[in-house]
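Structure, as structure tokens:
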Amino acid sequence: MDSLAIGVVSALWLGILTSISPCPLATNIAVMSFIGKDLSSPQQVFLTGIFYTLGRTLAYSVLAALVIASVLAIPEVSFWLETYMNKLLGPILMSDLPEAVLELLPRLRDRNFTRILLVTLPEATPVHEAGRLQQDLLRAGIEPFAWVINQSFSGDAFRDPALVERGSRELPYIAEVGDRYSSRVALIPWKAEAPVGPERLRGLATNSILLAEV
């Protein structure tokens, strides 16, 4: 059953529940009493009741169609808002920013002044989230200088079968970063101890693997 059929059945069921609830039933009795008091024959009362029922059915049908159309349009509306809302709100938000913040954006765009590194893990979610961040930065005119893939188990330094298997599963995401997102990629292998201090940072830079560079 597709989404349209589900919406139609749901609207029908909600209409039935609404029509037999106490408030609409009392309203129907009051309306028929008000209409029938000026009519002389039962046939006229019956026809008037039919027209009242048809009008109410039409009103519920229109409301149901609007609700179904709104629910089915949620993905398209969400995509439109995600694509264009930042552009629409950008000028409004920029008008209220302090001068220091306004001067920051040109500096971030200047590659001779600022170099932005995107750091990620060799896994699906971190890589794709970093990719979306890069897209947002590019829309703002900010181009990241390079990517850093941190805590990787891919390489010859590991002998444990579980770690070797994990490293093999990282390879598609490492390749995706180089093929899709950046021409400068540095791969940092996993370390048992955090690289705190100048010496360990130098060792980390020495042991990092430069996968691609322009």
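Nothing in this text is a laboratory measurement; each read-out follows from the coordinates by a stated rule. What you are looking at is a predicted structure, and each value in this text was computed from that prediction instead of being measured. Because the Cβ atoms are built from the backbone with ideal geometry, glycine has one as well, and the counts that use them run over all protein chains shown.
Per-peptide packing, taken as the mean over residues of other Cβ atoms within 10 Å, places 153-160, 55-62 in the sequence 153-160, 55-62 from highest down.
Compactness ratio of region 46-85: Cα Rg over 2.2 N^0.38 Å, N = residue count?
Working: Rg = 17.1 Å, N = 40, 2.2 N^0.38 = 8.9 Å.
The reported ratio for this selection is 1.91.
Packing-based ranking of 144-151, 174-181, 45-52 yields 144-151, 174-181, 45-52, ordered from highest to lowest mean Cβ neighbour count within 10 Å. Once Lys and Arg get +1 and Asp and Glu get -1 on their Cβ, which of Val67, Gly15, Met85 lies farthest toward the positive end of the dipole of the chain? It is Gly15. Computed over the chain with a Gaussian network model linking Cα atoms closer than 10 Å, the most mobile of Pro189, Pro122, Pro98 is Pro98. Assuming charge only on the beta carbon of Lys and Arg (+1) and of Asp and Glu (-1), the dipole of the chain about its Cα centre is about 220 debye to the nearest 20.
Need one word for region 115-212: rounded, prolate or oblate. Basis is the Cα gyration tensor (sqrt eigenvalues a ≥ b ≥ c); a/c below 1.5 gives rounded, then a/b vs b/c decides. Mind dumping the intermediate values first?
Values: a/c = 2.29, a/b = 1.38, b/c = 1.66.
Oblate.
Scan [x] 0.99; [y] 0.94; [z] 1.33 for the value of Rg/Rh (Cα atoms, Kirkwood Rh) calculated from this model and give just the label. Here the calculated entry is [z].
What length, rounded to one decimal in nm, is gained on full extension from Leu25 through to Leu104, with 0.36 nm per residue of separation minus their alpha-carbon distance? Spell out each step's value before the answer.
Numbers: separation 79, 0.36 × 79 = 28.44 nm, distance 6.45 nm.
Length difference between fully extended and current span is 22.0 nm.
To the nearest 500 deg cm²/dmol, what mean residue ellipticity at 222 nm is calculated for the chain from DSSP H runs of n ≥ 4 alone, each contributing -39,500 (n - 2.57), summed and divided by the residues? Calculated mean residue ellipticity at 222 nm is -21500 deg cm²/dmol.
What does the convex hull of the Cα atoms of region 3-72 come to per residue, in Å³, rounded to a whole number? Working shown, then result.
Numbers: hull volume 5.8 nm³, N = 70.
So the per-residue hull volume is 84 Å³.
Where Lys and Arg each count +1 and Asp and Glu each count -1, what net charge lies around Gly203 among other residues with Cβ under 14 Å from its Cβ? Taking every other residue near Gly203 into account, the sum is +1.
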